[in-house]
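Please read the structure below before turning to the comments.
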Amino acid sequence: MSDDVSTSVMASFDPFNDRPSRTVRNTLAKMLESCLERREVFSEEPTDLLHRFPQSPYVAYIKDRVERYRAATTSMRSTEDSPMNQSAILWRHGLYFEAHEILEPYWLATDGDEREALKGLIQGIGVFVHREAGQANAAQKLARKAIERLNRYGEALRDQNEMDIPGLVTQLSRWLEAAENNRS
C-alpha cells in the first residue's frame, strides 16, 4: 500500500470546492474507465481539457494523471481483469479517486457481507482522496468507519489479497492515531 499522498499537485486543485477541478477530475476518470474497458494502455491526450482549463493547477493535475494512467494501464496489461485487481493497481499508482470509481459499481452489484466489506474498502480509499484534498476531518471520520467495517467484514472480500486489507487497516489505524495525537 502506498502512503504517499501527493499534495504538491493538489495544493490548489480542489475537486470538493472548485467546479473546474471536479470537471477535470471526473472527465479524466471517465477517460480512464473507457480505456480500461478496451483493455488498452492509456494513450489519449486530453487536449480538450488542456484547452478548456489552461491554468497551472489544472494543467499540472492533468499531466500528472495522464502519466500515472499510462503507468497503471501498462501494469494492467499482464494481469487479471477484475475490479479488485484494477483498483489495486490504481491504488499503487496513487490513483485513489479512480480506484474508488472502479470499485463502486462492483460494490453496488454485490450484497451481504461482501457488500459491507467493499463499502469499507471504498471508505478506506476515500480517506486518501480526502487527505489529498487537505480535508483531514473528513478523512478521520471516514477512516474510523472504514476500519470498523473492514475489521468486521474484510474477510468476506473475494480477491482481498489484491488490496491487502489487513495492511490497509493497519495503515489507516496508524494514520488516524497520529492525526488524533496531533490534534491534542
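The values are calculated or read from the model by the stated rules, or taken from the named source; none is laboratory data. Note that the structure is predicted; figures quoted are calculated from it, not measured. Using ideal geometry, Cβ is built from the backbone for each residue, glycine included, and neighbour counts are taken over all protein chains shown.
Quick notes
- Selection over the range 100-125 of residues that are of a type outside the set (D, E, K, R), closer than 24 Å to residue 174 by Cα and either touching a Lys or Arg at 6+ places or on another chain (Cβ under 9 Å) or in a loop (DSSP other than H, G, I, E, B) (or both) gives a count of 5.
- Meets criteria (farther than 17 Å from residue 106 by Cα and assigned to a helix (DSSP H, G or I)) for residue 176: yes
- Only one of 154, 134, 124 that is at pLDDT below 95 and closer than 26 Å to residue 16 by Cβ: 134
- The range 45-64, subset touching a Leu at 6+ places or on another chain (Cβ under 9 Å) and touching a residue at least 40 places away in the same chain (Cβ under 8 Å), residue nearest to residue 158 (Cα to Cα): 61
- Residue-level analysis places residue 26 outside the set of residues that are surrounded by fewer than 20 Cβ atoms within 10 Å (Cβ to Cβ), within 21 Å of residue 129 (Cα to Cα), in contact with a helix residue (DSSP H, G or I) (Cβ under 7 Å, 6 or more places away or on another chain) and of a type in the set (S, T, N, Q).
- Test for residue 18: is it under 25 Å from residue 168 (Cβ atoms), over 16 Å from the mean Cα position of the chain (by Cα) and surrounded by fewer than 21 Cβ atoms within 10 Å (Cβ to Cβ): no
- Of all residues in the range 64-99, those satisfying the criterion of being crowded, with 18+ Cβ neighbours inside 10 Å and outside any helix (DSSP H, G or I) are 93, 94, 95.
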